[in-house]
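The values are calculated or read from the model by the stated rules, or taken from the named source; none is laboratory data. Bear in mind that the values here come from a model prediction, so they are computed numbers and not experimental data. Ideal geometry is used to build each Cβ from the backbone, glycine not excepted, and the neighbour counts take in all protein chains shown. What goes into the accessible areas is simple: the full protein's heavy atoms, side chains included, and nothing from ligands, DNA or RNA. Shrake-Rupley method; radii C 1.70, N 1.55, O 1.52, S 1.80 Å.
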Amino acid sequence: MSDLVGLVRAVQANYYRVRLRESINGIEELLCVRRARLKKMGQQVCVGDWVVVSHPDWQGHRGAIAEILPRRNQLPRPAIANVDQVLLLFALADPPADAHQITRFLLTAEGLNVEIHVVFTKADLVSPQEQQQWRDRLHQWGYHCHVLSLTQGSDWQHLHPQLADKITVVCGPSGVGKSSLIRHLTPREDIRVGAVSDHWHRGRHTTRHVELFPLPAGGWIADTPGFNQPELPQDVQQLAVAFPEIRQRLSKGQCLFDNCRHDQEPGCCVRGDWERYPLYIEYLHELETIASSEPSLGKMLPVKAKSDRQGQQRLEPLLDPKKYRRRSRRQQHQHLNPMAEEVLDSEL
Ligand SMILES: Nc1nc2c(ncn2[C@@H]2O[C@H](COP(=O)(O)OP(=O)(O)OP(=O)(O)O)[C@@H](O)[C@H]2O)c(=O)[nH]1
Ligand SMILES: [Mg+2]
Ligand SMILES: [Zn+2]
């Protein structure tokens, strides 16, 4: 008998909602637990995983996840596997579009190595001129974007072909309309939509958990909780290649130094009069400040004097066992959103 294979749509406490690849006797989904063997091996099941289900109980619609099929990729934040593309959503107003914030989202998305779609919503709240300005701006940054409204017209329907048969994750600041857009694209699903609070900038995380919703033309879309300031890439090299403007300049020219930071170095082909160059420099300096303030272990270790067998005094590092212990998985994942932490809670 062939394996029973399905896609993990959602994780709720210790249960996994698995959509079967082929429905059996009209049953499309099973609520599964994770086999103890996977748990012992420390294998985490995440939304987007293709899994092999064993011990199906067709009457109770239950099963057990026996195996996780190899992942193509995995987004850490929120934890979703096998992602094909990220749809970055920004509002043109309420909350207003902000080049700084948009860039931070773009940099994070660039680091994921998946396709990126940029969409601006709430076009009904701004003039056609303002819409065009953002279109032109994004074009200059190296991105094509869609501009649409959910309250006027039906331009949002143009997104359908780009989403078909793929797993798409919708990300963006809080209150821009991520849940509303998904509700339009997947009319039968019930998604919570919240009013933008007066203090939207503090982030009202209406959407709290990650779930894949089926699209009418095939494929899946995931909502994520809005967060307002994604972190920078981890190092300077990653930062530079996350700007299409820099990639484009480096594909045409060459800097004098191989390890050019594209700041003050002579013979730099990247430095120049392009809109986001000052942002690149700001982030470069931010990353370098973080790197230089991170103490190296050698400099930091407190020492204690100890006599050796010959009675000579030697200095030995005074280790605080708690401080230098390996970080726990929970600490390593501290930066994750509440859903990912919930996943970890249920896994630990
Ligand atoms: N005027 C206008 N309002 C919109 C549009 N799209 C969404 N909204 C409204 O914007 C508000 C926020 O929408 P949500 O879909 O909850 O936003 P979200 O991005 O999911 O927010 P979080 O879950 O907090 O991250 C709701 O009141 C929506 O009705 C639009 O195109 N035009
Ligand atoms: Mg939402
Ligand atoms: Zn350079």
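Worth a mention:
- With a cut-off of 12 Å on the backbone N, the residues of segment 128-146 near the modelled label site 7 Å out from L279 along Cα-Cβ are 137-143.
- The amide H of E211, built 1.01 Å from its N in the peptide plane, has D223 as neighbours under 5 Å, considering only residues 5 or more places off or on other chains.
- Annotation for segment 208-282: trypsin sites (Lys or Arg not before Pro) lying in DSSP loop with at most 13 further Cβ atoms inside 10 Å of their Cβ are R208.
- E67 long-range amide H proximity, modeled H, under 5 Å: V52
- Segment 33-85 and segment 92-127 have their alpha-carbon centroids 31 Å apart.
- Backbone HN-Hα couplings from phi across segment 163-176 [Karplus 6.51/-1.76/1.60, Hz, Gly and Pro as x]: 9, 4, 6, 10, 9, 10, 10, 8, 10, x, x, 5, x, 7
- Taking the average, over residues, of other Cβ atoms within 10 Å as the packing measure, peptides 234-241, 78-85 rank 78-85, 234-241 from highest down.
- Per residue, segment 76-222 exposes an accessible area of 44 Å² to a 1.4 Å probe, with every protein chain left in place.
- Contour minus Cα-Cα distance for E286 and H184 (0.36 nm per residue): 32.8 nm
- Ranking by accessible area, most exposed first, for H158, H146 with a 1.4 Å probe: H158, H146
- Candidate residues T108, T224: accessible-area rank, largest first, probe 1.4 Å: T108, T224
- For the set K39, K122, K178, the ranking by accessible area, highest first and with no ligand, DNA or RNA atoms included, is K39, K122, K178 under a 1.4 Å probe.
- Rounded to the nearest Hz, the phi-derived 3J(HN,Hα) couplings of segment 8-24 under the Karplus curve 6.51 cos²θ - 1.76 cosθ + 1.60 (θ = phi - 60°) are 6, 8, 7, 10, 10, 6, 9, 10, 10, 8, 10, 8, 5, 4, 10, 5, 10, where x marks glycine and proline.
- Backbone HN-Hα couplings from phi across segment 73-82 [Karplus 6.51/-1.76/1.60, Hz, Gly and Pro as x]: 6, 8, 7, x, 9, x, 6, 9, 9, 6
- For H285, the accessible surface of its heavy atoms amounts to roughly 80 Å² (probe 1.4 Å, protein chains only, rounded to the nearest 10).
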